[in-house]
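Structure record follows, encoded as structure tokens.
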């Protein structure tokens, strides 16, 4: 299971995240590999991108994580439906953008859609 898939199952039990019995798997990867952020850092709000307490209110915590990480070409409809009714959708999307999440549906957007948002933001900053 990829680190990103694992995040959804961890959202429901923040006490388990706060004091893991082992060092959790990394959550984020950069071009050279793991960027050093662990699940315990995210649970405690120490991860890049700031406070992550919004995760406790995420509707995806109550949903099958597989829906948020479909196989290539698979449907994203169910995940996007869940995201559309989520009160922390904006925070989720900003987290994914700030941490360059490259897999899954975050804040209602696919990897491709998030790339477009990043490009649009860069373009507007340089204009």
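The values are calculated or read from the model by the stated rules, or taken from the named source; none is laboratory data. This structure is a prediction, so every number in the text was calculated from the model and none was measured. Every residue, glycine as well, gets a Cβ built from its backbone with ideal geometry; the counts of neighbours run over all protein chains shown.
Once the stretch 95-110 is narrowed to residues that are assigned to a helix (DSSP H, G or I) and touching a helix residue (DSSP H, G or I) at 6+ places or on another chain (Cβ under 9 Å), the residue that is farthest from residue 54 (Cα to Cα) is 97.
Cβ-Cβ contacts under 9 Å between residues 6 or more apart (or on different chains), taken from a first residue in the stretch 114-127 that is surrounded by 10 or more Cβ atoms within 10 Å (Cβ to Cβ) to a second residue that is modelled with pLDDT of 90 or more and assigned to a helix (DSSP H, G or I), are listed as 114/93; 114/96; 114/97; 117/93; 117/97; 118/97; 121/97.
In the stretch 58-80, which residues are touching a helix residue (DSSP H, G or I) at 6+ places or on another chain (Cβ under 9 Å), assigned to a helix (DSSP H, G or I) and surrounded by 12 or more Cβ atoms within 10 Å (Cβ to Cβ)? Those that are touching a helix residue (DSSP H, G or I) at 6+ places or on another chain (Cβ under 9 Å), assigned to a helix (DSSP H, G or I) and surrounded by 12 or more Cβ atoms within 10 Å (Cβ to Cβ): 59, 60, 61, 65, 66, 67, 68, 78, 79.
When residues in the stretch 112-127 are screened for being under 14 Å from the mean Cα position of the chain (by Cα) and modelled with pLDDT under 95, 0 of them pass.
Output yes when any residue across the stretch 94-103 is touching a strand residue (DSSP E or B) at 6+ places or on another chain (Cβ under 6 Å) and under 20 Å from residue 59 (Cβ atoms), and no when none is.
Checking the stretch 94-103: at least one residue is touching a strand residue (DSSP E or B) at 6+ places or on another chain (Cβ under 6 Å) and under 20 Å from residue 59 (Cβ atoms).
State yes or no: is residue 87 in contact with a helix residue (DSSP H, G or I) (Cβ under 9 Å, 6 or more places away or on another chain), farther than 23 Å from residue 51 by Cβ and in a loop (DSSP other than H, G, I, E, B)?
no
Among the residues in the stretch 53-65, are any at pLDDT below 95 and either within 22 Å of residue 116 (Cα to Cα) or in contact with a strand residue (DSSP E or B) (Cβ under 6 Å, 6 or more places away or on another chain) (or both)? Scanning the stretch 53-65 turns up no residue that is at pLDDT below 95 and either within 22 Å of residue 116 (Cα to Cα) or in contact with a strand residue (DSSP E or B) (Cβ under 6 Å, 6 or more places away or on another chain) (or both).
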